[in-house]
């Protein structure tokens, strides 16, 4: 009889632990906070020069993304509207191919950015970064630059 009274406490405790684990998994420097370069800035051994180079790289990439943001939104809206209006496959395919090309371009940019970041870091810092944010353990939900850093 006493076991039945403990089930609600056991379930509540399990949920609490699971929730805390999720919060920790998406803590600072993870993809959950949508700050792609946060893990790099967690390195204690970064020099001022390296921080300046990383800041400049981040600003450069951000400016490039902002220039393209409106065209990306327009492309998504155009595709969404074509689908909603019941357009045929011949109309939708070129719009979808544009989206596919944009996604491919984004992946290439992520890989380039990762290479640029790694070029700024020393081999020891690169190893530290892999310990902080190992790329192999990232899930598909982490679809930001951090998935490549």
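The values are calculated or read from the model by the stated rules, or taken from the named source; none is laboratory data. Everything quoted here is computed from the prediction, not taken from an experiment. Neighbour counts are summed over all protein chains in view; Cβ atoms, including those assigned to glycine, are modelled from backbone coordinates with ideal geometry.
Can you find even one residue in segment 66-84 that is farther than 30 Å from residue 122 by Cα, free of Cβ contacts under 8 Å to residues at least 24 places away in the same chain and not in a helix (DSSP H, G or I)?
no
Please count how many residues of segment 61-76 are in contact with a helix residue (DSSP H, G or I) (Cβ under 9 Å, 6 or more places away or on another chain) and closer than 25 Å to residue 42 by Cα.
The total comes to 3.
Determine if segment 70-85 includes at least one residue that is more than 18 Å from residue 132 (Cα to Cα), loosely packed, with under 10 Cβ neighbours inside 10 Å, modelled with pLDDT under 90 and out of contact with any strand residue (DSSP E or B) (no Cβ under 7 Å at 6 or more places or on another chain).
Within segment 70-85, one or more residues are more than 18 Å from residue 132 (Cα to Cα), loosely packed, with under 10 Cβ neighbours inside 10 Å, modelled with pLDDT under 90 and out of contact with any strand residue (DSSP E or B) (no Cβ under 7 Å at 6 or more places or on another chain).
Go through (1) exposed (fewer than 13 other Cβ atoms within 10 Å of the Cβ); (2) modelled with pLDDT of 90 or more; (3) in contact with a helix residue (DSSP H, G or I) (Cβ under 8 Å, 6 or more places away or on another chain) and name the single condition residue 127 misses.
Result: residue 127 fails condition (3) only.
It is to be established whether one or more residues within segment 29-49 are loosely packed, with under 15 Cβ neighbours inside 10 Å, at pLDDT below 65 and not in a helix (DSSP H, G or I).
Yes, that holds for at least one residue.
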